[in-house]
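Asker: One structure, as structure tokens, below. Some questions next.
The values are calculated or read from the model by the stated rules, or taken from the named source; none is laboratory data. Computed from a predicted structure; not experimentally measured. Don't worry about glycine lacking a Cβ; one is built from the backbone with ideal geometry, like all the others, and counts go over all protein chains shown.
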Amino acid sequence: MHQAPHPANEHLVIVGNGMAGHRLVEALAGKPGRPARITVIGDELDPAYNRILLSPLLAGEMARPALTLRDRDWYADQGIDLILGERVTDIDRAARRLTTDSGRTLDYDRLVLATGSRPARPPVPGLELPGVEVFRDLRDAEALIRFTQRQAAERDGSAVVIGGGLLGLEAAEGLRKRGQGERAQDQGGLRVSLLQRDDRLMNRQLDLTAARLLENELRGRGLDIYTDAELERLEADGQGRVCAALLADGTRLPASCVVVAIGIVPNADLGRVAGLTVDRGIVVDAWLTTSDPAIHALGECCEFEGQTFGLVEPIWRQVEVLAARLSGETVDGYVDAPCATKLKVSGVSLYAFGPTEPDPDHEVLSYRDPQQGDYRRLLLRDGRLEGVVLYGDTASGPWYFEQALAGCDLTACRAALLLGAADAQTLLDDASNESPQRPAKEAA
Ligand SMILES: Cc1cc2nc3c(=O)[nH]c(=O)nc-3n(C[C@H](O)[C@H](O)[C@H](O)COP(=O)(O)OP(=O)(O)OC[C@H]3O[C@@H](n4cnc5c(N)ncnc54)[C@H](O)[C@@H]3O)c2cc1C
């Protein structure tokens, strides 16, 4: 049986040098009790970069160097071995040894899987054609940038983005903006169409009104948006490259590039191969430990209490727990909590959390100023906020989110709630000065 060494004497191996894996290294670097020997293996060629910023990179709003989180020298300075461009293909749990696609083997005392996720692919004929791209990593972003440059040189071109969620919108707007930037103004930009299967954009975050405001804004910029669009197949040209997208209603959209952005699938294969408990993701407990006590998983590859992850906020909280655990500290377990959504399309401000549709017990407060382009809709239950959609002025978003998380009774400031954080907080303060408010839990 393997005797567990003290964390400080362990060899910790982290698989994945993405957002979660790198953040874990940063957290460990600051801890006195961190494992003495740490090796990081990632299959991308570049050291960890900020994946979130791929959207502004594609749009031409940011340059490549700004994305780098740390370079190889930093890892060396921390005494951490960094192996890049190699994919871990096998884990022998009995021997505590892993193997990479180059044939390298590496022994570990403790292993962290931070392998992220991959783009989901709809079961549609033609998806394997050259010219069909995804938008997940730096290589994908660079391929899309090269595509816009080729199209500019040929003075002709169109792209179709499949998926009207956050990622699809950022990809479509990025392509449109960069396509426009690559051309002389009188030549117009790259023609970009966006297909959304649902009746509205960002259907998991927005109500219909906010989704229509967003749609109108993006149409005004030149994006062609198709909602209720069922993709039937992709068509190839004479050279076997993708040349069109065909919809179920017969619409045919020319496309020299198709970007698939319909969602993500956790990269749990390594966990499966190793015989760990895997459902949609690699199943972990509140301390990010898998069914093998020597193996942890975090980020988009893991699953906790039936939930998988697609935003960094919960992942950062997972990192704190795991870094403390790996350094021999006592720490409370990870607790899942709601997240708010923002869209990274410049010139569009929206902020949303909670249910998109009211249920019969919700009180709905809404406000719209078409001239300013402002829209706010709040869902309250028994005076407590459960859902918010803000379009235009989103400055009060974080305050609303805080109130919702704390379960505050907002009855005292209801009259000012739609006016924003400052007015509402003043009323709340006045009310609590008159009669100190009971804590939310007690009041409930
Ligand atoms: C374009 C874009 C924009 C985004 N914008 C936002 C945003 O605004 N806000 C937000 O909260 N989130 C955003 N996200 C999501 C966010 O980037 C992810 O939640 C985050 O990157 C997840 O971190 P991770 O480490 O789990 O996965 P990743 O960052 O994907 O890292 C996993 C790494 O593991 C590597 N890997 C996989 N398998 C192996 C293997 N077998 N061997 C070796 N290496 C392996 C992968 O290549 C990858 O480098 C965005 C994502 C994209 C693609």
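Asker: When you scan region 333-426 for strands (runs of 3 or more DSSP E) that lie fully inside it, which ones turn up with 3 or more residues that are more than 16 Å from the ligand (Cβ to nearest atom) and under 30 Å from GLU320 (Cα atoms)?
Answerer: 384-391
Asker: Something else: Among all residue pairs at least 6 apart or on different chains, which show Cβ distances below 6 Å where the first residue, located in region 187-209, is at pLDDT 95 or above and the second is surrounded by fewer than 16 Cβ atoms within 10 Å (Cβ to Cβ)?
Answerer: Hits for this filter: ASP199/ASP228; ARG200/LEU208.
Asker: Checking GLY33 against (1) within 16 Å of the ligand (Cβ to nearest atom); (2) among the small types (Gly, Ala, Ser); (3) in contact with an Asp or Glu (Cβ under 9 Å, 6 or more places away or on another chain), which single condition isn't satisfied?
Answerer: (1)
Asker: Which one of these is of a type in the set (A, V, I, L, M), buried (at least 17 other Cβ atoms within 10 Å of the Cβ) and in the same structural domain as ARG197 (by TED's automatic domain parsing): ILE295, ILE225?
Answerer: Answer to the selection: ILE225.
Asker: Out of the residues in region 280-312 that are within 20 Å of the chain's Cα centre (by Cα) and charged (D, E, K, R), state the one that is nearest to ARG23 (Cα to Cα).
Answerer: Among residues in region 280-312 that are within 20 Å of the chain's Cα centre (by Cα) and charged (D, E, K, R), the one nearest to ARG23 (Cα to Cα) is GLU300.
Asker: Can you go through ARG150, ARG110, ARG118 and tell me which one is without any contact (Cβ under 8 Å) to a residue 40 or more places away in the chain and on the phi < 0 side of the Ramachandran plot?
Answerer: It is ARG150.
Asker: So which residues in region 263-273 are buried (at least 21 other Cβ atoms within 10 Å of the Cβ) and in a loop (DSSP other than H, G, I, E, B)?
Answerer: The answer is ASN267, ALA268.
Asker: What is the one condition in (1) assigned to a strand (DSSP E or B); (2) closer than 24 Å to GLY354 by Cβ that LEU206 does not satisfy?
Answerer: All conditions pass for LEU206, except number (1).
Asker: Select from region 243-254 the residues that are surrounded by fewer than 24 Cβ atoms within 10 Å (Cβ to Cβ) and hydrophobic (A, V, I, L, M, F, W, C) and list them in ascending order.
Answerer: Of everything in region 243-254, those that are surrounded by fewer than 24 Cβ atoms within 10 Å (Cβ to Cβ) and hydrophobic (A, V, I, L, M, F, W, C) turn out to be CYS243, ALA244, LEU246, LEU247, ALA248, LEU253.
Asker: Does any residue of region 57-66 turn out to be under 23 Å from ALA297 (Cα atoms) and either within 14 Å of the ligand (Cβ to nearest atom) or touching a Cys at 6+ places or on another chain (Cβ under 9 Å) (or both)?
Answerer: no
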